[in-house]
């Protein structure tokens, strides 16, 4: 009878990495816990780095272009530290009636945002970039997602904000949490884009770098 010793976790990880052709570190250029949770779904190892950049929109810059520029800038900022890696940069801009909806940062601002959004459709433009800092090859896509909000009363808005306090979320709502009750309908190619990381697009980008997730 033959007996086999179990492989160590480190050896198993090396086998997995070799099978998937991953020869470079994968870096998520974001401190967002929501993007980290999404990326974990792909079951590939990664590390995080928080890029420090100016996120102010440029004069006359359309929302999609802002999202693209910031996603690419975040990836390149991280590349200064990681010179041989695959780096993910992402950014999201929400727009309603041509007006950008940023992070409210306070209860009062969040109240005004949700009052403005109720009964209306908001488009969330999420830009995703994957930079190979070894070859300087950058892939970028913008994935729009459309959200129709319910006709909310002032009391419903107050109740929601008191319970979830989504003051660091563009649009003042967490669709992955209690914020789903504020939404009447959603339309788009990838619901993950609304949370901040379009996984369908990312899988395609990783494939372009020779990495197959399954």
Within region 9-208, the percent of DSSP beta bridges that are antiparallel, given to the nearest 5, stands at 85 percent
With R₀ set to 25 angstrom, the calculated FRET efficiency between the beta-carbons of residue 208 and residue 61, to the nearest 0.05, is 0.35
With no solvent term and unit scatterers on the alpha-carbon positions of region 167-214, Debye gives log₁₀ I(q)/I(0) at q = 0.27, 0.28 Å⁻¹ of -1.01, -1.06
Here the equivalent ellipsoid of region 9-208, derived from its Cα gyration tensor, has semi-axes (largest first, whole Å) of 33, 18, 14
Packing-ranked peptide list from 88-100, 111-123, highest mean Cβ count within 10 angstrom first, is 88-100, 111-123
Taking Cα atoms, the helix 107-117 axis meets the longest principal axis of the chain at an angle in degrees (rounded to 10) of 80 degrees
Shape descriptors of region 56-155 over alpha-carbon atoms, Rg and Dmax in angstrom, are 16.5, 54
Here the relative contact order (percent) of region 9-208, from C-alpha pairs under 8 Å and at least 6 apart, is 21 percent
In degrees, nearest 10, the alpha-carbon axis of helix 199-208 is tilted away from the dominant principal axis of the alpha carbons of the chain by 30 degrees
Here the gain from full extension of residue 97 to residue 189, 0.36 nm per residue of separation minus their alpha-carbon distance, amounts to 31.0 nm
Residue-normalised 222 nm signal for the chain, counting each DSSP H run of n ≥ 4 as -39,500 (n - 2.57), nearest 500 deg cm²/dmol, is -10000 deg cm²/dmol
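Coordinate-derived values only; no laboratory data. What you are looking at is a predicted structure, and each value in this text was computed from that prediction instead of being measured. Cβ coordinates were reconstructed from backbone atoms using ideal geometry, including for glycine residues, and neighbour counts include every protein chain displayed.
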